[in-house]
Amino acid sequence: MKFFFGLFFLLTTTTTTFSQLHSFNILSYGAKAGDGKDNTRAFQKAIEAAALRGGIVVVPAGRFVTGPIRLRSNVQLFLADKAVLLGSTQRLDYGPGKAIALISADSQRNISITGKGTIDGQGPELLKDIYRVLENGSLQDAEWKTPNPWGQIRPEEKNRPMLIEFRNCEGIVIKGVSITNGLDWIQNYKNCTDLTVDSITVVSNVMWNNDGIDLVDCKKVRLTNSFFNADDDGICLKSESPDGRCEDIYISHCKIRSSASAFKLGTASRGRFSNITVRDLTIYDTYRSAIALETVDGAILENIDIRGVKATNTGNAVFIRLGRRNRKAPAGELRHVYIGDVSVEVPAGKPDKGYDMEGPPVKFPHNIFPASITGLPGHPVQDITLENIDITYPGGSGKEVAFVSPDSLSRVPEQEADYPEFSMFGELPASGFYVRHVAGLRIKNCKLRYKTSDFRPAFIFDDTTGILLSAIETSGN
């Protein structure tokens, strides 16, 4: 009874508080709908007025173009139904140097973006202008004509604005809105605390580096009931500072499509990841891993609990990697991970084929890659539990494609400093799970299904201790 009374009191007081907020309609500050308008000053004037007393900046139905705007403490940006906040298609509007995010905030408190409207970065049109100013020399870029290791050519990230970037902020709510057509990370929350993201839709397939959402060294986060369709990682947690940490994070009931990995910790991994809970993810048409846990820059990654993942047409089920890309830092630690109730269907072909920006194809002959858990010599991955795991593989592997004998496991390279991804070791000798440099692994109630036979053994364990397998079933192999 006390619980229900407390909940009723909270909802009642919260409703009263919102009803007392002052509204600041951008039309009152000179905004005009239409694709050819520039409403940057109107947006910012409304935000500054709302910040004086705390209030709601209202974007009504219509299409409103703006350059970069900055949110202030105690301001709620509300996008009404059929409201569209359009990012400018002129690159220099985002500054002559590193591109400023379309919506940003730094060291602010109690800020939010809510409503049923849309934030549209107009990425295709903006990209055309980026190339125009690069060609005429108005913008400098060291990378835009040089292929990266995957053979891709693109302007470097600093020249492509994010859509939302909040740094060092506290008390953030992002709810209900749709976000689309960005050219870089769609949302970057760095060193933020008390962040709630709920019921948002992100669709962005314009350019690589298009992560659906990045939580960088953030604490006390709830991300729920949201959809992500991105060219890069769908939901990604990072730690960019040796003193930073991603901790006390809860993610549930999200649907993800990605041309990279669906849910990932890393690649940037310098501080700590801890106390991270994930529940009920639906994943489809994803090029790399359904679940990727990576510490390669010295971070400690621990106390991770992931349950209820259903992935279809996804290139890899589970990828867990302790590496040492940063030679100036210790190897880091990866320990105390539970992954349960996972179902993954791995296809024979490329899972994201036909999407606008596909993941880069692997450039060497290979059979289907297994799930993998790998540490380093002297630095094992520790205390991992996999329970109720069901993976369907296409099978059909052939020695004429590629072959690593189980009698010559030393042929599999360590790749200590390489970028972490499921294909990083080349051809692998296992068809289901490849496990190396691991201390303490429990695999319980695991089913590996093969549509056609695979000549490789289902499991390979190399330099492993404390392995417990129970209720393991393979079929069709």
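What the table shows:
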item: Sole exception among (1) crowded, with 24+ Cβ neighbours inside 10 Å; (2) modelled with pLDDT under 95; (3) not small (Gly, Ala, Ser) for Arg53, by number; result: (1)
item: Whichever residue in the range 299-357 is free of Cβ contacts under 8 Å to residues at least 24 places away in the same chain and among the small types (Gly, Ala, Ser) and, among such residues, is surrounded by the fewest Cβ atoms within 10 Å (Cβ to Cβ); result: Gly354
item: Qualifying positions in the range 348-379 - touching a Ser or Thr at 6+ places or on another chain (Cβ under 8 Å) and either of a type in the set (Phe, Trp, Tyr) or modelled with pLDDT under 95 (or both); result: Tyr355, Met357, Glu358, Gly359, Val362, Phe369
item: The listed residue being surrounded by fewer than 16 Cβ atoms within 10 Å (Cβ to Cβ), of a type outside the set (A, V, I, L, M, F, W, C) and in contact with a strand residue (DSSP E or B) (Cβ under 6 Å, 6 or more places away or on another chain), out of Ser405, Ser475; result: Ser475
item: Strands (runs of 3 or more DSSP E) within the range 183-247 that include 3 or more residues surrounded by fewer than 24 Cβ atoms within 10 Å (Cβ to Cβ) and either in contact with a helix residue (DSSP H, G or I) (Cβ under 8 Å, 6 or more places away or on another chain) or assigned by TED's automatic domain parsing to the domain that holds Ile291 (or both); result: 219-224
item: Candidates Val309, Val278, Val318 - the one that is more than 18 Å from Ser252 (Cβ to Cβ) and not hydroxyl-bearing (Ser, Thr, Tyr); result: Val318
item: Residue match in the range 459-475 (condition: among the polar types (S, T, N, Q) and at pLDDT below 95); result: yes
item: Filtered residues of the range 256-287 (kept if under 12 Å from the mean Cα position of the chain (by Cα) and in a strand (DSSP E or B)); result: Ile256, Arg257, Ser258, Phe263, Lys264, Leu265, Gly266, Thr267, Ala268
item: Filter result for Ala46 (more than 21 Å from Pro124 (Cβ to Cβ) and either more than 29 Å from the chain's Cα centre (by Cα) or of a type in the set (Phe, Trp, Tyr) (or both)); result: yes
item: Any chance Ile283 is over 23 Å from Val206 (Cβ atoms), out of contact with any His (no Cβ under 7 Å at 6 or more places or on another chain) and in the same structural domain as Glu416 (by TED's automatic domain parsing); result: no
item: Flag if Asp141 is closer than 19 Å to Asn210 by Cβ and at pLDDT below 95; result: yes
item: Meets criteria (at pLDDT 95 or above, among the hydrophobic types (A, V, I, L, M, F, W, C) and closer than 29 Å to Pro347 by Cα) for Leu265; result: yes
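The values are calculated or read from the model by the stated rules, or taken from the named source; none is laboratory data. Since the model is a prediction, treat every value here as computed from it, not as a measurement. Using ideal geometry, Cβ is built from the backbone for each residue, glycine included, and neighbour counts are taken over all protein chains shown.
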